[in-house]
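The values are calculated or read from the model by the stated rules, or taken from the named source; none is laboratory data. From a predicted model like this one, the values you see are computed outputs, not experimental measurements. No Cβ is skipped: glycine too gets one built from the backbone with ideal geometry, and neighbour counts run over all protein chains shown. Only protein heavy atoms, including side chains, enter the accessible area calculation; ligands, DNA and RNA are left aside. Shrake-Rupley method; radii C 1.70, N 1.55, O 1.52, S 1.80 Å.
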Amino acid sequence: MTRETEPPIRSEIAGRDMDQARAMYEDGYNGKGFDTEHSQSDFAYRYTITGDDEMTLRSSMFLGSIKGAIQPENEYVVSWITGGSGVYDLNGDELPLQIGRPAMFPTGKQFEFEFEDYRQNLVHFNAGFLERVAAEEEGTLPGTLEFDHTAIPEATALLQWKNTITTVAKSVLGGEATPLLRSEVNRLAAVTLLSTFKHRGPQLPEQLLAPRNARLRAAVEYMHANAELPITPTMIAEHADLGLRGLQVAFSRQLGTTPTDYLRGIRLDRARSDLLNLGPRETTVAAIATRWGFAHLGRFSASYGERFGEKPSATLHR
């Protein structure tokens with residue numbers, strides 16, 4: 001089935017059973033340790049989703065108190081409360097939410113939250129989709145975008161976000177959008193998100209921006225996009241329409257390294273990102289090293305220390 005024929009996503013879950021509500025939120029947001037209690041309000045909850053595989057608009061109501069830890073996977077989430085109260089806590093760095101002001105979920109990180117009698121709107125972006133838009137609009141490489149969840153966007157940017165989401169919601173919630181219109185409003189929302197919230201993504205070395213290095217750039221982009229796969233220098237050369245010797249010469253002349261060492265560096269960067277985003281309760285240095293293809297833990301630690309100036313265990317226990 002092609003993306004153009006995929007049906008839109010629409011769902012609604014509501015009720016007054018607190019145990020069912022807790023299980024639904026914990027499962028939907030990769031959560032754990034959820035605790036719910038009644039407040040002065042009669043308990044009720046409602047959760048709606050409308051959109052498609054690239055972006056969904058969501059609303060959440062929970063008349064009670066709920067707290068726990070969550071770590072959304074493979075998506076970027078921006079949310080704002082329209083009633084009640086809420087706070088995010090990332091390793092003691094608290095972010096109280098203000099009614100009507102959007103905030104980014106910490107990207108790829110487990111964080112704690114506590115909400116009471118709240119109503120909330122959310123926009124969920126598929127990670128691959130938003131990263132692709134960022135690459136096309138900003139020239140970043142494929143890979144995780146890191147948002148500063150503590151940064152407060154400027155008033156003009158927030159107004160632009162609000163106006164864009166109002167426009168997008170009319171198309172998405174109306175239910176009559178064609179696949180083309182859905183694609184365009186998804187991209188509009190993604191571009192506005194990127195211009196509203198401070199972030200950074202993997203960048204190309206400056207010398208690769210020159211037109212004469214287009215094939216080398218293609219090779220580097222291929223490495224970033226497939227770093228988790230068992231790719232070889234021969235595969236990289238074929239993708240970039242270069243011979244193996246030509247690839248090696250290009251890396252040596254322009255980047256002062258070999259294709260193998262450059263790929264190893266990308267994987268070390270990804271390993272560091274995992275170590276920073278997870279904690280010692282969620283993973284181990286050995287597990288991260290294995291994930292990124294480092295079979296010898298001692299050599300991984302040595303290479304990591306040389307690149308980042310600290311042991312991987314120190315990064316994990318930050």
statement: Of the residues in segment 162-184 that are in contact with a helix residue (DSSP H, G or I) (Cβ under 6 Å, 6 or more places away or on another chain) and in contact (Cβ under 8 Å) with a residue 60 or more places away in the chain, the one that is most open to solvent (accessible area, probe 1.4 Å) is P179
message: What's the number of the only condition in (1) more than 30 Å from Q110 (Cα to Cα); (2) surrounded by 13 or more Cβ atoms within 10 Å (Cβ to Cβ); (3) in contact (Cβ under 8 Å) with a residue 24 or more places away in the chain that D241 fails to meet?
response: (2)
- request: Would you mind telling me which numbered condition in (1) at pLDDT below 95; (2) in a strand (DSSP E or B); (3) open to solvent by 30 Å² or more (accessible area, probe 1.4 Å) A69 fails?
  value: (3)
message: I'd like to know if segment 253-264 contains one or more residues that are surrounded by fewer than 16 Cβ atoms within 10 Å (Cβ to Cβ) and over 25 Å from P312 (Cα atoms).
response: yes
- line: Here the residues within segment 270-286 that are of a type outside the set (K, R) and open to solvent by less than 50 Å² (accessible area, probe 1.4 Å) are A271, S273, D274, L275, N277, L278, G279, T283, V285, A286
- request: Count, please, the residues in segment 298-312 that happen to be exposed (fewer than 14 other Cβ atoms within 10 Å of the Cβ) and not in a loop (DSSP other than H, G, I, E, B).
  value: 5
Close pairs from segment 69-91: first at positive phi, partner among the aliphatic types (A, V, I, L, M) and not in a strand (DSSP E or B), Cβ under 6 Å, at least 6 apart: N74/A127
- request: Would you tally the residues in segment 101-135 being open to solvent by 40 Å² or more (accessible area, probe 1.4 Å), under 10 Å from the mean Cα position of the chain (by Cα) and farther than 19 Å from V168 by Cα?
  value: 2
- prompt: Is there any pair linking a residue in segment 207-226 that is in contact (Cβ under 8 Å) with a residue 60 or more places away in the chain to one that is in a helix (DSSP H, G or I), with Cβ under 8 Å and at least six apart or on different chains, and which?
  reply: L209/R217; V220/L208; V220/Y262; H224/I266
query: So which pairs qualify, if the first residue must be in segment 262-290 and over 24 Å from Y222 (Cα atoms), the second must be crowded, with 18+ Cβ neighbours inside 10 Å and of a type in the set (F, W, Y), the Cβ gap must be under 9 Å, and the two must be at least 6 apart or on different chains?
result: V285/F300; V285/Y304; A286/F300
- line: Residues in segment 72-100 that are touching a His at 6+ places or on another chain (Cβ under 9 Å) and either among the charged types (D, E, K, R) or surrounded by fewer than 17 Cβ atoms within 10 Å (Cβ to Cβ) (or both) total 3
statement: Note on S41: of the conditions (1) of a type in the set (S, T, Y); (2) under 21 Å from A189 (Cβ atoms); (3) touching a residue at least 60 places away in the same chain (Cβ under 8 Å); (4) open to solvent by 20 Å² or more (accessible area, probe 1.4 Å), unmet is (2)
message: Residue pairs, Cβ under 6 Å, 6 or more apart or interchain, first in segment 103-124 and part of a strand (DSSP E or B), second open to solvent by less than 30 Å² (accessible area, probe 1.4 Å) and modelled with pLDDT under 90. List them.
response: M104/F147; M104/H149; F111/L90
query: Among the residues of segment 10-38, which ones are within 25 Å of L278 (Cβ to Cβ), more than 20 Å from the chain's Cα centre (by Cα) and free of Cβ contacts under 8 Å to residues at least 24 places away in the same chain?
result: A23, M24
- prompt: Out of the residues in segment 143-170 that are part of a loop (DSSP other than H, G, I, E, B) and in contact with a strand residue (DSSP E or B) (Cβ under 8 Å, 6 or more places away or on another chain), which is nearest to V185 (Cα to Cα)?
  reply: L145
